[in-house]
Amino acid sequence: MKLTRIAKIGAIGAIAALSLTACAANEAGGTPADPSAPAGLSGELAGSGASSQEVAVQTWTAGFQGANPDVTINYDPAGSGAGRESFQAGAVAFAGSDRAFKIEELEAGPFDGCVADTNIIELPTYISPIAVIFNLEGVDELNLDAATIAGLFAGTITNWNDPAIAALNEGVALPDLAVTPVHRADDSGTTENFTDYLFATAPDVWTSEPDGVWPLSSGEAAQGTSGVVSAVSGGNGTVGYADASRAAEEGLATAAVQVGDEFVTYSPEAAAAIVDASPFEEGRTEGDLAIELDRTSEEAGVYPIVLVSYMIACEEYTDPATATLVKGFLQYIASPEGQQAAAEAAGNAPISESLTEQVNAAIDLIVTE
């Protein structure tokens, strides 16, 4: 039996060369303190991970450091896989990841920055739709169903005037132009979420199981969210997938996705709706709030291609001073003010009130004494 969220309340070489992107508001100067952020802290904190939530992390960092000018937080948006590896190796104090650790990964351990045998917490604090982006001269909007999206990326639909696309877009002048699918070259939580959607909704077309590493050799590979956005915007006939906020920044055309009998355009509200309709994964510890997204939902107004990006931390750190900084930073991230600040900057969906309660209960598990 799956537990709903309401019921559940209660790489080493790369690490050596890690180049962290500093978001130090206290060094930039002029950032006002957010009164909701814990204050009076000092020290340095390093994190790494998902590029999807880079803008949100920068915003959270600015608000937190504004209240704590003696704190410096650095976050390297190296990708979810790199972030998890760095966190597990103890190279960073927290990770951002577009998927939670798998249970078998947790069992394999260890987590070098955590006290031996302690648990980790995984907090779904960043919710964002993944947009299907395309660049097709003369076409600004398209309706696509799951099978057609899967065909575009699997290589079974190779031309933009394919009958499957035409049938969903009556009156749209589709060009006789080859499809160039663009995917992530790195191990990416965005890729894992996108392929999870394809596998769940169009298994006859997309036969590869969900994975953070793109499973096909066809198509064009690009590094990170920025690389995919750049490759799609720089071509004609290209199609890709990316965090919706980045797609909006670049003004790229995006597809409306079929849900039931309607076509739904991405929005923060539609992304939040499907998260609230989905259960927690089974077999997790109290502070491990991994969500099992219901990609096949036909509820009105939900957008199924969504990523939930997690903040990952130890329940107990080998360094108590690190624990205090991490706990304070996470408390600000989960606060209504922190969530709203990120939403205004990054276009993500603030987490719901009920999920906020559960996230805060998980943060309280962090030992600071």
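Given Ala78, Ala131, which one is open to solvent by 10 Å² or more (accessible area, probe 1.4 Å) and under 23 Å from the mean Cα position of the chain (by Cα)?
Values: Ala131 fails: open to solvent by 10 Å² or more (accessible area, probe 1.4 Å).
Going through Ala78, Ala131 in turn, the sole match is Ala78.
Quick grid of which residues meet (1) at pLDDT below 95; (2) in a strand (DSSP E or B); (3) within 24 Å of Gln331 (Cβ to Cβ):
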| position | (1), (2), (3) |
| --- | --- |
| Ala95 | no, yes, yes |
| Phe101 | no, no, yes |
| Phe111 | no, no, yes |
| Asp117 | yes, no, no |
| Leu123 | no, yes, yes |
| Ile127 | yes, yes, yes |
| Val132 | no, yes, no |
Scanning the stretch 197-222 residue by residue, those within 16 Å of the chain's Cα centre (by Cα), surrounded by fewer than 19 Cβ atoms within 10 Å (Cβ to Cβ) and more than 15 Å from Ile149 (Cβ to Cβ) turn out to be Asp211, Val213
Return yes when Thr148 is at pLDDT 95 or above, closer than 24 Å to Ala271 by Cα, part of a strand (DSSP E or B) and of a type outside the set (Asp, Glu) and no when it is not.
-> no
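Residues are listed down the side, and each one gets a yes or a no for (1) surrounded by 21 or more Cβ atoms within 10 Å (Cβ to Cβ); (2) aliphatic (A, V, I, L, M); (3) closer than 30 Å to Pro124 by Cα:
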{"site": "Asn159", "(1), (2), (3)": "no, no, no"}
{"site": "Ile165", "(1), (2), (3)": "yes, yes, no"}
{"site": "Leu168", "(1), (2), (3)": "no, yes, no"}
{"site": "Ala173", "(1), (2), (3)": "no, yes, no"}
{"site": "Asp176", "(1), (2), (3)": "no, no, no"}
{"site": "Pro181", "(1), (2), (3)": "yes, no, yes"}
{"site": "Arg184", "(1), (2), (3)": "yes, no, yes"}
{"site": "Ser188", "(1), (2), (3)": "yes, no, yes"}
{"site": "Thr195", "(1), (2), (3)": "yes, no, yes"}
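Of the residues Asn169, Asn143, Asn135, Asn193, which single one is closer than 13 Å to Ile305 by Cα and in contact with a strand residue (DSSP E or B) (Cβ under 8 Å, 6 or more places away or on another chain)?
Working: Asn169 fails: closer than 13 Å to Ile305 by Cα; Asn143 fails: closer than 13 Å to Ile305 by Cα; Asn135 fails: closer than 13 Å to Ile305 by Cα.
Result: Asn193 is the single residue among Asn169, Asn143, Asn135, Asn193 that is closer than 13 Å to Ile305 by Cα and in contact with a strand residue (DSSP E or B) (Cβ under 8 Å, 6 or more places away or on another chain).
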Sort out which residues of the stretch 248-292 are closer than 28 Å to Thr158 by Cβ, touching a Pro at 6+ places or on another chain (Cβ under 9 Å) and open to solvent by less than 10 Å² (accessible area, probe 1.4 Å), and write them in order of number.
-> Val257, Val259
Subset of the stretch 323-350 that is of a type in the set (S, T, N, Q) and open to solvent by less than 30 Å² (accessible area, probe 1.4 Å) - its residue that is farthest from Gly96 (Cα to Cα) | Ser335
Which ones in the stretch 134-149 are under 30 Å from Leu355 (Cβ atoms), open to solvent by less than 10 Å² (accessible area, probe 1.4 Å) and under 22 Å from the mean Cα position of the chain (by Cα)?
-> Ile149
Name, by its number, the condition in (1) outside any strand (DSSP E or B); (2) open to solvent by less than 10 Å² (accessible area, probe 1.4 Å) that does not hold for Gly90.
-> (2)
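The values are calculated or read from the model by the stated rules, or taken from the named source; none is laboratory data. Treat the numbers as computed from the prediction; the structure is a model and nothing was measured. In this analysis, Cβ positions are derived from the backbone assuming ideal geometry, glycine residues included, and neighbour counts consider all displayed protein chains. Areas reflect the complete protein model, heavy atoms only, side chains present, ligands, DNA and RNA absent. Shrake-Rupley method; radii C 1.70, N 1.55, O 1.52, S 1.80 Å.
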